[in-house]
Each structure stands twice: as structure tokens, then as C-alpha cells.
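Report on one structure; see the data block that follows.
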Amino acid sequence: MIEYSATQKAYEALLKSDKDGFGSALNDVQQAFFDYQAEPVEEVTFLLAAARQYHLLGAKALGFGRAGCTLNVLDESAIPAFTELAATNYRQEYNRDLRIHPLKLVNGASRISF
């Protein structure tokens, strides 16, 4: 139920162009997943903690936290510093490169015809 209410909160924030409200809702969803999981994946916890240092609006693990991937919503100005530090620290911690895929969302979802 927490996930549903947080998703509803995120939707309402997006309708109002409230980026802080959207980020807060994203964090609420993630916290609900952490509360449900017996053992969060160490890499996911590491990535979420790194993102919180850089004007994080919100963050959520993907793949129910088992994929080692996170979606981090940051102020655009914080992205270069975040990616550099996260990649460096991840390399030191796990002895492998962090793959970062910056995205810029535009115009919401749309149907693509083939």
C-alpha cells in the first residue's frame, strides 16, 4: 500500500511540475522496498548513498534491488560531479567500472508505431 500511495504522490507532483515532490515520492517507494527486503544489495545501497550527496531529488533501485541498478534523479548541474565521484568510488570499492547512462526525459511517454 505504501508503494501505491507513493506512486500516486509522484504522479500528482509531476502534474504540478513539482520536482521536489516527485523526488520525495521516489524516495518513499525506495524506502518501502528496503523495508520489505531481508537484505538489500550492497551495490545498490552504495549507489543510493552516493547519489544523496549531490542535490538528489530522488532515487530508486531497479529490478527490485537485485539488478545492481539505480535510477537517480539529480539537478542537471550535479550530474558531472556525481558521475565522476560515483564512478571513481565504485571502481575503488568493487574493482570494476560503473556503467552510467545519463538520460534527459522529454515530452513524457508516447506511442511509437512500427
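The table that follows gives values for the structure above.
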quantity	calculated
Cβ-based exposure ranking for VAL41, VAL106, in which fewest neighbours within 10 Å come first	VAL106, VAL41
Per-residue HN-Hα couplings for the range 80-86 [Karplus 6.51, -1.76, 1.60; θ = phi - 60°; Hz; x = Gly/Pro]	x, 5, 4, 5, 5, 5, 4
Extension gain (nm, one decimal) between SER110 and ASP75, 0.36 nm per residue minus Cα-Cα	10.2 nm
Peptides ranked, highest mean first, by Cβ atoms within 10 Å: ranges 19-31, 81-93	19-31, 81-93
Ordering of 7-16, 43-52 by packing [mean C-beta count within 10 Å, highest first]	43-52, 7-16
Built amide H within the under 5 Å cut-off of ASP75, gap 5+	LEU57
Label-point gap, in nm, between LEU103 and LEU15 - each point 7 angstrom along Cα→Cβ	2.3 nm
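Only the coordinates and a few stated rules stand behind these numbers; no lab work does. Everything numeric in this text was worked out from a predicted model, so none of it was measured. Neighbour counts are summed over all protein chains in view; Cβ atoms, including those assigned to glycine, are modelled from backbone coordinates with ideal geometry.
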